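What follows is a single structure, written as structure tokens, with notes after it.
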């Protein structure tokens, strides 16, 4: 080893000290930034879901107080179900890849809550009666 060049020293590099075993059920908590980001996504998606609900109800409702037909109810409910499935798709993918499946699932349901309320409310034919007269 007389003629070997000196090995560089890695400053600040140490082996990590594990405070919990790797198979421990305790998970590290999310940072404030992660929580704010997820809550922001939930709020934005809930606002978009509410706007989608209003557009679907306006498009499928009757005019001038006429009673809703089965076609009105069916087309409106179908639109709401499709919009709910589209809104839940990214949350299902996030649940698959996340260790916090219950939290992600609850936030996903919260983000499409306006559409879920519309689906339940849309079961009543009076929900699809509009008062606009053109």
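Summary table below
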quantity: Some residue of region 27-35 being surrounded by 11 or more Cβ atoms within 10 Å (Cβ to Cβ), at pLDDT 90 or above and not in a loop (DSSP other than H, G, I, E, B); calculated: no
quantity: All positions within region 110-125 that are within 16 Å of residue 75 (Cβ to Cβ) and touching a residue at least 24 places away in the same chain (Cβ under 8 Å); calculated: 115, 118, 119, 122, 123, 125
quantity: Selection within region 47-65 - surrounded by 13 or more Cβ atoms within 10 Å (Cβ to Cβ) and in contact (Cβ under 8 Å) with a residue 40 or more places away in the chain; calculated: 49, 50, 52, 53, 56, 57, 60, 61, 62
quantity: Yes/no for residue 38 being closer than 22 Å to residue 94 by Cα and either surrounded by fewer than 11 Cβ atoms within 10 Å (Cβ to Cβ) or modelled with pLDDT of 90 or more (or both); calculated: yes
quantity: Odd one out for residue 99, checked against (1) over 25 Å from residue 39 (Cα atoms); (2) surrounded by fewer than 11 Cβ atoms within 10 Å (Cβ to Cβ); calculated: (1)
quantity: Top-ranked residue of region 75-89 - restricted to ones that are free of Cβ contacts under 8 Å to residues at least 40 places away in the same chain and farther than 14 Å from residue 49 by Cα, ranked as nearest to the chain's Cα centre (by Cα); calculated: 78
quantity: Which numbered condition residue 120 misses (of (1) surrounded by 13 or more Cβ atoms within 10 Å (Cβ to Cβ); (2) at pLDDT 95 or above); calculated: (1)
quantity: Some residue of region 6-13 being modelled with pLDDT under 95, in contact with a helix residue (DSSP H, G or I) (Cβ under 7 Å, 6 or more places away or on another chain) and part of a loop (DSSP other than H, G, I, E, B); calculated: no
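The values are calculated or read from the model by the stated rules, or taken from the named source; none is laboratory data. Since this is a predicted model, take the numbers as computed values, not measurements. Glycine gets a Cβ as well: all are built from the backbone with ideal geometry, and neighbour counts include every protein chain shown.
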